[in-house]
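No lab work stands behind these numbers, since they all come straight from the coordinates. None of these values were measured; they are calculated from a predicted model. Virtual Cβ from ideal backbone geometry, glycine too; neighbours counted across all protein chains shown.
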Amino acid sequence: MRAFSEKSSGIITSLDLKKRHVQIGYWCLFALLAVISTICLFPPLWVFMSSFKDLKEFLTVPPTIIPRSFHPEKVIEVWKTLRFATYYRNTIVMAIGELIFCIFVNGLAGYVISRLRPKGASLYYKLVLWTMMLPASISMVPLFKLFIDFPWLHFSMLNTYVPMWLMAGANAFNVMLFKNFFDTIPDSYVEAARIDGCSDLGIFAKIIMPLSVPILIVVAIFSVNFSWEAFFWPYLVIRDKKLDTVAVQLFKMKSSGFSEDKYMIALLFSILPPALVFIFFQKYMIQGITMSGIKG
Amino acid sequence: MKPTRRIAVKPAAGAPRERTNRWLNAFTRNGKAWMIVLPSVLLFYFIMWRPIAEGVFLSFFKLENYQAAGFVGFQNYREVLSDTLFLGALKNTFGYVFWSLLISFLPPIIIAVALNEMVHLKGLFKFSIYFPVIVPTVAAALIWYFLYLPGDGGILNMLRHSIGLKNSEWLQNPILTIPLIITSMTWRGCGTSMVLYLAALQGVNQELYEASTIDGAGFFLKLRYITFPHLSPIILLLLVRQIVGIFQVMVEPMTMTGGGPNNASLSLNLQGYNYAFVYFQPERALALNVITFVILLGITVFYFRLDKKLSI
């Protein structure tokens with residue numbers, strides 16, 4: 001157990017903690033956090049544990065929290081019968097496209113605004129930042145119109161993931177993250193490459209990108225998580241069941257009357273991938289939120 | 001860090017030819033840079049700016065197949081405002097904001113302050129409290145839908161039994177439905193705000209706390225005079241973000257209740273969605289969304305004026 005004397009942050013100093021009543025207060029806060037943590041973890045844990053119950057146990061009243069029956073084979077069976085492999089594949093295809101658009105379009109915009117600074121770039125940056133302040137709901141119908149019938153060229157993007165890819169390429173937040181990060185790269189690196197005859201795009205690919213790995217990881221994790229949970233636009237744009245993503249399928253299952261035990265397993269499938277990403281990249285994700293929020 | 005790329009051009013004031021060269025140089029340099037940023041410009045134009053302008057413009061038209069078919073003035077607005085559901089949806093939306101301020105606003109601040117004090121298990125607590133954030137929105141709404149199941153099969157009803165209470169109708173109770181939806185959203189959204197507050201707390205100069213401890217200040221005095229002033233700008237920012245975000249709530253009621261029972265959880269945006277994609281009256285959806293847009297723009301502008309005053 002760690003000693004109070006190691007305490008280096010917070011309102012209560014290690015000096016305070018020598019007093020008895022401050023210690024009691026500290027453990028009260030500890031208990032509060034323990035309770036809140038339990039509340040936060042209980043629902044996903046409940047889904048996890050319920051996934052292995054059989055239907056009979058599921059329908060018992062009162063419900064059991066800790067399962068009495070254990071059927072891992074059910075999970076595999078539901079994976080096959082509900083065709084989750086297809087939905088996983090679709091979601092991954094959508095996520096990869098979004099990731100490419102997100103990194104290249106927003107990254108290049110950040111690069112030009114931060115480094116090349118052509119005439120009008122600062123005005124452009126301002127216009128981009130404004131879009132973060134504007135409520136998005138007003139664009140719902142016009143965007144749908146755009147996706148079913150693109151102006152002048154008249155083609156439809158229904159039943160493709162292109163709308164979601166395009167939307168990922170117009171992310172003001174990521175432009176800001178990239179721009180702010182590129183600002184911190186020393187000018188001398190870029191100048192040296194330029195004197196060696198490197199082109200603008202060459203500098204982006206060979207100097208800026210390799211130096212931006214931390215921000216790339218943050219943006220990539222957020223982009224992938226965002227795609228995984230994206231529901232509204234895929235739900236509107238994808239009409240073919242074979243192309244559905246995981247989140248959309250989850251929503252549609254509710255109205256098609258699946259038994260609760262199968263539903264639990266579907267929920268498990270939708271939580272598992274982002275949970276694994278979080279467990280492995282926790283540090284980057286929490287760092288990423290911090291980076292973004294303070295400035296936004 | 002200004003660009004210093006004019007090495008090649010001699011500073012010859014009088015020579016017109018070299019001046020043209022310099023102009024040409026600058027022109028092509030700007031042009032090249034704009035070529036690189038072109039995909040972003042196009043996407044922002046088509047995805048962000050154009051739809052807003054088009055949304056406002058088309059709200060004054062009758063639509064046929066999403067194409068403008070005849071100017072109707074404020075007709076769509078009149079239809080939306082006289083819809084019997086409008087007042088209810090407006091009231092519910094303010095209800096969502098009210099309950100969210102009551103339920104979701106303080107917990108992340110309290111949790112962040114408490115977490116910042118921890119010497120023991122800090123990492124585990126942070127992990128647990130952030131975990132709901134990574135649960136997809138629809139999945140989170142559905143998990144809570146199952147927890148809130150009425151009847152004897154619901155987990156929360158079972159907990160009520162164990163302390164000797166009768167079954168609750170949960171989401172089916174029109175008075176409870178909004179606060180319960182907000183509770184589930186708080187569960188999911190708390191982690192993000194908590195991390196932001198925590199980052200701000202870590203920016204407080206530790207010597208201030210130490211000095212005031214020596215001066216004999218207790219926990220609450222330090223909280224009031226050191227911690228709170230440091231947090232206030234971010235509290236204001238997150239408050240406005242929360243109001244603007246909750247005002248546009250849609251997916252959660254859509255998933256958990258579908259707007260029911262008896263439209264008790266119908267929000268303005270859900271009504272907009274219904275107009276556009278259930279009743280196929282996109283012009284009404286547009287008019288309704290313009291109304292929401294104006295209300296939210298007002299809140300945002302108010303925030304910026306307040307923020308300017310605060311920073312002075």
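Annotation note: trypsin sites (Lys or Arg not before Pro) in segment B:160-249 located in DSSP loop regions with a Cβ neighbour count of at most 12 within 10 Å are B:Lys166.
For the residues of B:264-275, the average number of beta carbons from a partner chain within 10 Å of their own beta carbon is 1. Under 5 Å from the amide H of B:Phe61 lie the amide H atoms of B:Val72, each residue being 5 or more positions distant or on a separate chain, with H modelled from the backbone and absent for Pro and chain starts. Working from Cα pairs under 8 Å separated by at least six residues, relative contact order for segment B:78-311 is 27 percent. Which of the chymotrypsin sites (Phe, Trp or Tyr not before Pro) found in segment A:162-239 are loop residues per DSSP with 12 or fewer other Cβ atoms within 10 Å of their Cβ? Counting only loop positions with at most 12 other Cβ atoms within 10 Å, none of the chymotrypsin sites (Phe, Trp or Tyr not before Pro) in segment A:162-239 qualifies.
Once you order the gyration tensor axes a ≥ b ≥ c over the Cα atoms, which shape class does segment A:178-269 get: rounded for a/c under 1.5, otherwise prolate or oblate by comparing a/b with b/c? Taking the square roots of the gyration eigenvalues as a ≥ b ≥ c, segment A:178-269 is prolate. Rounded, prolate or oblate: which fits the protein assembly as shown, taking a ≥ b ≥ c as square roots of the Cα gyration tensor eigenvalues, rounded meaning a/c under 1.5, else prolate when a/b beats b/c? The shape class here is oblate.
For A:Gln23 and B:Phe105, a Förster radius of 25 Å and the Cβ-Cβ distance give a FRET efficiency of 0.25, rounded to the nearest 0.05. Counting Cβ atoms of other protein chains within 10 Å of each Cβ in A:113-122 and taking the mean gives 5.
Estimated from the Cβ-Cβ distance and a Förster radius of 30 angstrom, the FRET efficiency linking A:Phe70 and B:His161 is about 0.75. Under the shape rule built on the C-alpha gyration tensor, where the axes satisfy a ≥ b ≥ c, segment A:1-119 is oblate, since a/c reaches at least 1.5 while a/b does not exceed b/c. Full extension of the chain between A:Thr81 and A:Asn180 gives 30.9 nm of extra length, using 0.36 nm per residue less the Cα-Cα distance.
Membrane-span-like helices in chain B, defined here as complete DSSP H runs extending at least 18 Å along the helix axis by their C-alpha atoms with mean Kyte-Doolittle hydropathy no lower than 0.0, are B:84-103, B:177-202, B:228-247, B:282-311; this is a sequence and geometry rule, not a statement about a membrane.
With a cut-off of 13 Å on the backbone N, the residues of segment A:14-34 near the modelled label site 7 Å out from B:Glu210 along Cα-Cβ are A:14-16. Of all the options B:Gln202, B:Gln271, B:Gln75, the one that moves most in a Gaussian network model of chain B with Cα springs shorter than 10 angstrom is B:Gln202.
For chain A, which DSSP H helices look membrane-span-like by this rule: Cα extent along the axis of 30 Å or more and mean Kyte-Doolittle of at least 1.0? Helices meeting the criterion: A:20-50.
Simple spin-label estimate for B:Leu121 and A:Glu191 gives 5.5 nm between the two label positions (7 Å along the Cα-to-Cβ direction from each Cα). Of the chymotrypsin sites (Phe, Trp or Tyr not before Pro) found in segment A:31-73, the ones in coil according to DSSP and having at most 12 other Cβ atoms within 10 Å of their Cβ are A:Phe70.
The residues A:Thr13, B:Thr20, B:Thr213, when put in order of fewest to most other Cβ atoms within 10 Å, stand as B:Thr20, B:Thr213, A:Thr13.
Each label point was placed 7 Å from the Cα along the Cα-to-Cβ direction; for A:Ile279 and A:Leu123 their separation is 5.3 nm.
The percentage of C-alpha pairs in segment B:78-311 whose separation is greater than 24 Å is 56%. For the residues of B:193-201, the average number of beta carbons from a partner chain within 10 Å of their own beta carbon is 4. Mean projection of the Cα convex hull over all viewing directions, computed for chain A: 23.7 nm². Each Lys and Arg contributes +1 and each Asp and Glu -1, all at the Cβ; summed about the Cα centre of segment B:16-58, the dipole is approximately 340 debye.
Placing R0 at 41 angstrom, the Cβ-Cβ distance between A:Ser9 and B:Arg78 gives a FRET efficiency of 0.10 after rounding to 0.05.
B:Phe277 sits among other residues whose Cβ lies under 14 Å from its own Cβ, and their net charge, with Lys and Arg +1 and Asp and Glu -1, is +2. Working from Cα pairs under 8 Å separated by at least six residues, relative contact order for chain A is 25 percent.
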